[in-house]
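Read through the structure below, which is laid out as structure tokens, and then see the notes.
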Amino acid sequence: MSTTAAVLCGLAGQLPSRVVTNEELARRLDTDDDWIRTRTGIRRRHVVEPGQATSDLAVEAGGRALAAAATDRVDAVVVATTTPDRPCPATAPLVAARLGLTGAAAFDVGAVCTGFVYGLASAAGLIAAGVADSVLLIGADTYSTIVDPLDRANAIIFGDGAGAVVLRAGHPDEPGAVGHFDLGSDGAHEDLITVAAGGSRQRSTPGEPSHEDRHFAMRGKEVYRHAVTRMAESARATLSRAGWKIDDVDHFVPHQANLRILHSVADDLGLPRERCVTHVESVGNTGAASIPLALADAAARQTVKPGDRLLLTAFGGGLTWGSCLLTWPSLPQPERMTTP
Ligand code: UT7
């Protein structure tokens, strides 16, 4: 391992103010609160207003993470997202400019719901290579802008939000240092989670693309099976790389896909469910924002304390997956984002 690590020194989350409850969804879709809670654990989610874009949430979260880190300068801004403001250009340069960080390196990471963990690895790499001394990493997604509101299978799952961290150069042994990592992918299953149109494969022609092709599609049952297997495998690979045992993990912070998935992964790992950090109940699946939002929520509730050992594990379209470890540092406490 490099002698220079990326060390977490600022954290913040941002949720749009509009809350959509299961009851509201049940009024316009053929679904009900009991089905949604039993299958997913989700009670409500936050969604953006018309005209509000991913960068708007990213700027809010990023600005507050910079304030928490007591800095107004970073060398690089990385935005992990599946819902950029536009297909071109990337969202990160705009976010950087709006935060007064013009001149910083800025790029997006596309690894769907694994984007934040891939972003952490990218930030750690920039810092270890001496390319940057500090990085603002933001996981931000507005799935409500790509999910068909009439698609009951997906409209119930996803919510919008952004979570941001500031990472600075430091020592691998200090609290907040991120690493060891495990990252992986399996593109043979790219068809399980897709937006068909909007890229080079399916080009736009007058009158096209069709309504379905513009929207997010997911083969839920198959994704569920892959998610449980891949997350458990990735978590084990990371622990083994670091020489940690499952009992060394104080908090498991998985991508907040679905409460049943999170509990199945915890059970598979032999980890008591109470050590699994969950936030999905009040925000749904927020894509690349889900892990930093869960961290910000846990830090705000003080369920995560300095010195606690964390295992972060994500899974998403691609397929992609990834994990990393960190010992929680002393950080300014983020504000509570949602009511219990
Ligand atoms: O972030 C990326 C990772 N994504 C995920 O991890 C999502 C993984 N998948 C899941 O979480 C679950 O597969 C879902 C929550 C999406 C669905 O749960 P499921 O237990 O796999 O249900 P299903 O898709 O097998 O559907 C069972 C039934 C179907 O009816 P029939 O065919 O049995 O008559 C669906 O049409 O439930 C029906 N259904 C619904 N019923 C009420 C599907 N969506 C709904 C709904 N309300 N919202």
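The values are calculated or read from the model by the stated rules, or taken from the named source; none is laboratory data. Note that the structure is predicted; figures quoted are calculated from it, not measured. Because the Cβ atoms are built from the backbone with ideal geometry, glycine has one as well, and the counts that use them run over all protein chains shown.
Couple of notes before you dig in:
- Residues of segment 1-27 that are modelled with pLDDT of 95 or more, hydrophobic (A, V, I, L, M, F, W, C) and more than 16 Å from the ligand (Cβ to nearest atom): A5, A6, V7, L8, C9, L11, A12, L15, V19.
- Subset of segment 34-49 that is surrounded by fewer than 17 Cβ atoms within 10 Å (Cβ to Cβ) and of a type outside the set (K, R) - its residue that is farthest from the ligand (Cβ to nearest atom): E49
- Close pairs from segment 174-202: first of a type outside the set (A, V, I, L, M, F, W, C), partner modelled with pLDDT under 95, Cβ under 6 Å, at least 6 apart: G198/P87; Q202/A196
- The number of residues in segment 300-340 that are crowded, with 24+ Cβ neighbours inside 10 Å and either of a type in the set (F, W, Y) or assigned to a helix (DSSP H, G or I) (or both) comes to 2.
- Considering segment 195-216, and only residues there that are in a loop (DSSP other than H, G, I, E, B) and charged (D, E, K, R), the residue that is nearest to C113 (Cα to Cα) turns out to be R201.
- Scanning segment 139-168 for residues that are away from the ligand (no atom under 12 Å from the Cβ), farther than 18 Å from L259 by Cα, charged (D, E, K, R) and in contact with a His (Cβ under 8 Å, 6 or more places away or on another chain) gives a single hit, D148.
- For segment 289-340, the candidate set comprises residues that are polar (S, T, N, Q) and touching a Gly at 6+ places or on another chain (Cβ under 8 Å); within that set, the residue that is farthest from the ligand (Cβ to nearest atom) is T327.
- Unique match (being among the basic types (K, R), surrounded by fewer than 22 Cβ atoms within 10 Å (Cβ to Cβ) and not in a loop (DSSP other than H, G, I, E, B)) among R64, R86: R64
- Restricting segment 163-185 to residues that are within 19 Å of the chain's Cα centre (by Cα) and either at pLDDT below 95 or in a loop (DSSP other than H, G, I, E, B) (or both), the residue that is farthest from T238 (Cα to Cα) is G176.
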